[in-house]
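Student: Below: one structure in structure tokens.
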Amino acid sequence: MDRPYLELATVAAVAGKPDRAREILRRRSVELKDSALVRAQQPDVRAVLAEIALAEKKPRDAVAEFWKSDSAPDGPANPCIRCVLNGVARSWDQAGVADSARVYFERYDAAPGAHLGTGTNAVPDVDAIFLGPSLMRLGELYETKDAAKAATYYRRFIELWKNADPELQPQVAAAKARLAKLTPVEKVKP
């Protein structure tokens, strides 16, 4: 319990180091002897395997692993449905299946606990990392399909990241430029 193997493996995978993530999981399997804890953490291991699959450019494997991360013998296992939905959305997006990516990014956006809220359903970690990029991606995915929806997502992204760190401001500028192309009669603040 005092060693955050799964969190470290997840960070390694998201950082694009799947071999390091697998090594952390291997070390965990050697050091963790409590069979009840191993069983209880199995859905969390599946979430790590999903992130590893994404890092290895195996998005369809990632979709399956993200769904397994929410499966236990007695029902749903993951209290963070937003985490699962975002993972599935990113997986379909990496696979190039735009319609499924749109559906799951929107489900992520609409799921309980949204937008760094407070209360028992709040999941600030997933939103802090993925909400901005998800809104931006939804804008991009809707550009050719529904300009009004694309504009809505770009506006939300711009509002969310308007005070972001300087190194992130080029992404805000890009969203503003895309929004300006969608809505040329509107003045978009620089």
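Student: Would you please put 90-103, 16-29, 166-179 in order of how densely packed they are, using the mean number of other Cβ atoms within 10 angstrom per residue and starting with the highest? Write down the numbers at each step before the final one.
Tutor: Details: 90-103: 18.2, 16-29: 16.6, 166-179: 14.6.
With the highest mean Cβ count within 10 Å placed first, the list reads 90-103, 16-29, 166-179.
Student: Per residue, how much accessible surface does region 1-89 expose to a 1.4 Å probe? Answer in Å², no decimals. Write out the running numbers ahead of the final one.
Tutor: On the way: 5100 Å² over 89 residues.
I get 57 Å² per residue for this part.
Student: To the nearest 10 degrees, how steeply does helix 42-55 sit against the main Cα axis of the chain, on a 0 to 90 scale?
Tutor: Rounded to the nearest ten degrees, it is 50.
Student: Tell me, what ³J(HN,Hα) does each residue in region 102-107 have, in order and in whole Hz, if you take phi through Karplus 6.51 cos²θ - 1.76 cosθ + 1.60 with θ = phi - 60° and put x for Gly and Pro?
Tutor: Working through the residues one at a time gives 4, 4, 6, 5, 5, 5 Hz.
Student: Separate question: Work out from phi, with θ = phi - 60° and the Karplus expression 6.51 cos²θ - 1.76 cosθ + 1.60, the ³J(HN,Hα) of each residue of region 72-85, listed in order in whole Hz, and give x for Gly and Pro.
Tutor: So the Karplus estimates, Gly and Pro as x, are 10, x, 9, x, x, 10, 9, x, 9, 4, 4, 5, 5, 4 Hz.
Student: Taking amide H positions as placed in the peptide plane 1.01 Å from N, state which residues far from ALA72 in sequence (5 or more) or on other chains have amide H under 5 Å from it.
Tutor: Under 5 Å from the amide H of ALA72 lie the amide H atoms of ALA77, each far enough along the sequence or on another chain.
Student: Identify, among TYR153, GLN42, VAL103, the residue whose Cα sits farthest towards the positive end of the charge dipole of the chain, taking +1 on the Cβ of Lys and Arg and -1 on the Cβ of Asp and Glu, with the dipole about the Cα centre.
Tutor: Among TYR153, GLN42, VAL103, the one farthest towards the positive end of the dipole of the chain is TYR153.
Student: Using only Cα atoms, tell me the angle between helix 18-31 and the longest principal axis of the chain; keep it within 0 to 90° and round to the nearest 10.
Tutor: Helix 18-31 sits roughly 30 degrees off the main axis of the chain.
Student: So if each residue of separation counts as 0.36 nm, and I subtract the Cα-Cα distance between ALA15 and VAL103, what length gain in nm does that give? Write down the numbers at each step before the final one.
Tutor: Numbers: separation 88, 0.36 × 88 = 31.68 nm, distance 2.53 nm.
Separation in residues times 0.36 nm, less the Cα-Cα distance, equals 29.2 nm.
Student: Further question: In whole percent, and with a 1.4 Å probe on the protein chains, what portion of the accessible area of the chain is carbon and sulfur? Intermediate results must be reported in sequence, preceding the final value.
Tutor: Numbers: 6060 of 10930 Å².
C and S atoms contribute 55 percent here.
Student: Where nothing but the Cβ of Lys and Arg (+1) and of Asp and Glu (-1) is charged, how large is the charge dipole of region 1-44 around its Cα centre, in debye to the nearest 20? Don't jump to the answer; show the numbers that get you there.
Tutor: Values: 9 positive and 7 negative charges, 31 e Å.
Roughly 140 debye, rounded to the nearest 20.
Student: When ranked by the protection proxy of mean other Cβ atoms within 10 Å per residue, highest first, what sequence do the peptides 128-138, 43-53 form? Could you put the intermediate results ahead of the total?
Tutor: Details: 128-138: 19.7, 43-53: 22.6.
Top of the packing list down: 43-53, 128-138.
Student: Which distance in nm do the two modelled labels at LEU37 and ASP125 give, with both placed 7 Å along the Cα-to-Cβ direction?
Tutor: It is 1.7 nm.
Student: Return a single number: how many Lys pairs in the chain, at a sequence separation of 8 or more or on separate chains, have alpha-carbon atoms below 28 angstrom apart.
Tutor: For the chain, qualifying lysine pairs total 26.
Student: Only Cα pairs within less than 10 Å get springs; with that Gaussian network setup on the chain, which residue of ASN163, ASN78, ASN86 has the largest fluctuation?
Tutor: Highest fluctuation among the options: ASN163.
The values are calculated or read from the model by the stated rules, or taken from the named source; none is laboratory data. As the structure is a prediction and not an experimental result, all values here were calculated from the model. Neighbour counts run over all protein chains shown; Cβ positions are idealised from the backbone, glycine included. To get the accessible areas, we keep the full protein, side chains included, count just its heavy atoms, and leave off ligands, DNA and RNA. Shrake-Rupley method; radii C 1.70, N 1.55, O 1.52, S 1.80 Å.
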